[in-house]
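Have a look at the structure below before the remarks.
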Amino acid sequence: MINPTATLLISCPDQRGLVAKFANFIYSNGGNIIHADQHTDFAAGLFLTRIEWQLEGFNLPREFIAPAFNAIAQPLGAKWEIRFSDTVPRIAIWVSRQDHCLFDLIWRQRAKEFIAEIPLIISNHSNLKVVAEQFNINFQHISITKDNKTEQEIQQLELLRQYKIDLVVLAKYMQIVSADFISQFPQIINIHHSFLPAFIGANPYHRAFERGVKIIGATAHYATADLDAGPIIEQDVVRVSHRDEVDDLVRKGKDLERVVLARAVRSHLQNRVLVYGNRTVVFE
């Protein structure tokens, strides 16, 4: 990147003067703010903001920005993260048998719709190894059963460390990730249809067809110990009609899952998502 930037994501108890204090930190160190957005959650009493500025001409070396800002943030009770635009995140995609989200993410990454590396695909089935080979991505088949889940998750965590993974994307990975795993690696995005909780379990499209639903949807969220109940990043819906058969619902659902997951991953990689409690603010 020719002009790298730094981005601060901040959540802070709401109080007067916050915008001025944060902006002045950047201004007083010679920075030029290029994007700034904010939101106040009055019910939670929180001020949330995203501030991005150019590093060219900024007086503080990168390694000094965090401790310098912390001196301002700590007295305010702020939680914050800093990210640099020229740091390329590394993604591991987890899949089972379905390939539509996997292909879509790889294509978008190759087309530079988002900047990231995809060095690793993990699956509990071997079906999609051919896709990994096609794109020269390392494929790890780790079969999961109720008897070996703990041992296999240890292996998965070791692979994430080995490949220096920053984000796991569950691209139709049809296994529950344990609470212990998530506590050790919380940066996980999941995608699922939005029939939950009405049609839990197998064959949701068939059951939705039988009920004559008029819309279907998809939800992308961060994984938490509560199954499919993590902070939502992105959602969308599409209408269906009495003329649609089960295959039509499945096709429309897959299309929607591709787009919703891609939007969520892109927002995360661009440091636009701020999580607080079980909610998110996604800055445009």
### Query
Highest GNM mean-square fluctuation, the chain, Cα pairs closer than 10 Å: which of Ala171, Ala78, Ala44?
Ala44
### Message
Below 29 Å, Cα to Cα, which lysines can Lys254 reach? Residues fewer than 8 away in the same chain don't count.
### Response
Lys112, Lys129, Lys146, Lys149, Lys172, Lys214
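All other residues with a Cβ under 10 Å from the Cβ of Thr219 taken together, and with Lys, Arg as +1 and Asp, Glu as -1, what is their net charge?
On the way: positive: none; negative: Asp228, Glu234, Asp236, Glu257.
With Lys, Arg at +1 and Asp, Glu at -1, the neighbours total -4.
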### Query
Order of 84-93, 175-184 by packing, highest average Cβ count within 10 Å first?
84-93, 175-184
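For Arg90, what is the net charge nearby, where nearby means another residue's Cβ is under 12 Å from its Cβ and Lys, Arg count +1, Asp, Glu -1?
Residues near Arg90 contribute 0 overall.
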### Task
For every helix of n ≥ 4 consecutive DSSP H residues, a contribution of -39,500 (n - 2.57) applies; sum these over the chain, divide by its total residues, and give [θ] at 222 nm rounded to the nearest 500 deg cm²/dmol.
-10500 deg cm²/dmol
### Query
In straight Cα distance, which lysines are under 25 Å from Lys21, not counting same-chain residues fewer than 8 positions off?
Lys79
### Message
If I fit a long axis through the Cα atoms of helix 100-110 and take the longest principal axis of the Cα atoms of the chain, what angle between them do I get, 0 to 90°, rounded to 10?
### Response
40 degrees
### Query
In a shell of Cβ-Cβ distance under 15 Å around Leu120, excluding Leu120 itself, what net charge do Lys and Arg (+1) and Asp and Glu (-1) give?
0
### Summary
Once His125, His242 are ranked on solvent-accessible area with the largest value leading and a 1.4 Å probe, the list reads His242, His125
### Query
Quick one: with all protein chains in place, what share of the accessible area of the chain is carbon or sulfur, to the nearest percent (1.4 Å probe)?
51 percent
## Note on the structure
Matching label for the computed percent of Cα pairs over 37 Å apart, out of (1) 21; (2) 42; (3) 13, is (1)
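The values are calculated or read from the model by the stated rules, or taken from the named source; none is laboratory data. This one's a predicted model, so the numbers in the text were calculated from it and none came from an experiment. Neighbour counts are summed over all protein chains in view; Cβ atoms, including those assigned to glycine, are modelled from backbone coordinates with ideal geometry. SASA here: full protein model, heavy atoms, side chains in, ligands and nucleic acids out. Shrake-Rupley method; radii C 1.70, N 1.55, O 1.52, S 1.80 Å.
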